[in-house]
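Here is the structure we will look at, set down as structure tokens.
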Amino acid sequence: MAVGHRSATYRPLLPWQVREQRFRPTPLGRRGLDPQEVGEFLDRLAGDLAAVYEALAQSRRETSRIKLALCHLQSERAHVRNEREWGR
């Protein structure tokens, strides 16, 4: 499921839900877990991880933008301070 196309009632998986997830065994005569159930869970988990990584990337972009703005502000203030000191 795409990150931006979730229903309003969708709740992301929490770490404890991932840790405690259990799958039903396959029907009689087969070994292992139900492939459809595992696939659905992995799809959901992948969607949640994609959302987390996108939020992290957005946060990093915003942090970079703020750092750059701070650097410019500090540079401008230093320039003004230097003009005052040398302009006397």
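Nothing in this text is a laboratory measurement; each read-out follows from the coordinates by a stated rule. Only a predicted model underlies this, so the values are computations on that prediction, with no experimental measurement involved. Glycine also receives a Cβ, built like all others from the backbone with ideal geometry; neighbour counts cover every protein chain displayed.
Per-structure values
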| quantity | calculated |
| --- | --- |
| Efficiency of FRET between LEU14 and HIS79 - r from beta-carbon atoms, R0 30 angstrom, step 0.05 | 0.05 |
| Rounded to whole Hz, the Karplus (6.51, -1.76, 1.60) HN-Hα couplings of the range 33-38, x for glycine and proline | 9, 5, x, 5, 5, 5 |
| The chain, relative contact order in percent, only Cα pairs under 8 angstrom and at least six apart counted | 26 percent |
| In order through the range 42-54: 3J(HN,Hα) via Karplus (6.51 cos²θ - 1.76 cosθ + 1.60), integer Hz, x for Gly, Pro | 5, 4, 5, 4, 4, x, 5, 5, 4, 5, 5, 5, 5 |
| The range 26-31 - phi-based ³J(HN,Hα) in whole Hz, Karplus 6.51/-1.76/1.60, Gly and Pro as x | 5, x, 3, x, 10, 9 |
| Amide H contacts of LEU33 (H built 1.01 Å from N, under 5 Å, at least 5 apart or other chain) | THR26 |
| Isotropically averaged projected area of the chain, using the convex hull of Cα atoms (one quarter of hull area), nm² | 9.6 nm² |
| Segment ALA69-ASP34, length gained on full extension (0.36 nm per residue, minus Cα span) | 7.3 nm |
